[in-house]
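Please read the structure below before turning to the comments.
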Amino acid sequence: MNDENSELALNICLLYGEIMAKNNVDPRDIQRDIHKIGTIMNMDQVTIYQTLTGIFITLNQGSKIKMRVIDATENNFEKIIRAKQALENFKNSILTQENFYKTLIEINNTHYSFPITVQVLSAGMVSAALGVVFTSQLSDFPIDLIIGGVSYFILLYFQKKLMLKSFSTFLSASVLAILVSLSINLDLATNPYMIIFSCIMPLVPGIEIVNSIRSVLENNYLIATSQILEALMITIMILMPITFFLNILT
């Protein structure tokens, strides 16, 4: 493989890894896919090293090395699906190396998401449905719907403005606690504890927790430690205002 082709191959592997890492894909899955890309392009000795804030890829025992900074993460499953589909098309010779790289650039630069209204309404419906599951009653369904939707909107808004996931979660949980307190004072709700439990569910860092457990089970302790700390920080940001509210109630 000449220098030009090896440079393109390295860029392809790096961009694919960046897309996956930014969307909280398990590191072992990322390594497996990048090794698959290396096999397709006849690259020798592809080595991947990943942390929570960056990904490094080398060729030929370190003769070529590149890195990308992972400055922010999200949970965009559409990007993951499109990147994996592009890899499958490349594997089946539907895409050339150049077209595969262009497709990955397009995927990385495009923000795939539902409209904010759909996301907020979905979060409200999840909260309301969980409220019914927890209490077997419909009395707090409207309040769960409203509080769950509003708190999730606060999360999305400040996460976009501040680019700080943990602090945005803290603000969202604070608004949630205030709204629950108001609903009790205005006699609009009957079970504040179940409202809290149901409405915080869209805020819980489930993917981060699952990934940290997988990393521990796979003996990838460096990434596991970072993931556990991230999940723990978000959890603390949720619990701080909620605990303050519960202390007031009791």
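Residue by residue through region 55-93, note down the ones that are modelled with pLDDT under 85 and among the small types (Gly, Ala, Ser).
Within region 55-93, 62, 63, 72 qualify.
Which of (1) more than 19 Å from the chain's Cα centre (by Cα); (2) more than 23 Å from residue 208 (Cα to Cα); (3) aliphatic (A, V, I, L, M) does residue 118 not meet, given it meets every other one?
Result: residue 118 fails condition (1) only.
Residues 161, 165: which one is under 26 Å from the mean Cα position of the chain (by Cα) and farther than 17 Å from residue 236 by Cα?
Checking each option against the conditions leaves just 161.
Condition first: crowded, with 20+ Cβ neighbours inside 10 Å and of a type outside the set (Val, Ile, Thr). Now tell me which residues in region 225-240 satisfy that.
Residues satisfying the conditions are 227, 230, 231, 237.
Any idea which of (1) more than 15 Å from the chain's Cα centre (by Cα); (2) of a type in the set (Asp, Glu); (3) under 20 Å from residue 224 (Cα atoms) is the one residue 106 doesn't satisfy?
Single failed check for residue 106: (3).
With the structure loaded, tell me whether residue 143 is over 30 Å from residue 72 (Cα atoms) and aliphatic (A, V, I, L, M) or whether it fails that test.
Yes; evaluated as a whole, the condition is true for this residue.
It is to be established whether one or more residues within region 167-178 are loosely packed, with under 14 Cβ neighbours inside 10 Å, touching a Pro at 6+ places or on another chain (Cβ under 9 Å) and at negative phi.
No: zero hits.
The values are calculated or read from the model by the stated rules, or taken from the named source; none is laboratory data. The structure presented is a predicted model; accordingly, all values stated were derived computationally and were not measured. Glycine gets a Cβ as well: all are built from the backbone with ideal geometry, and neighbour counts include every protein chain shown.
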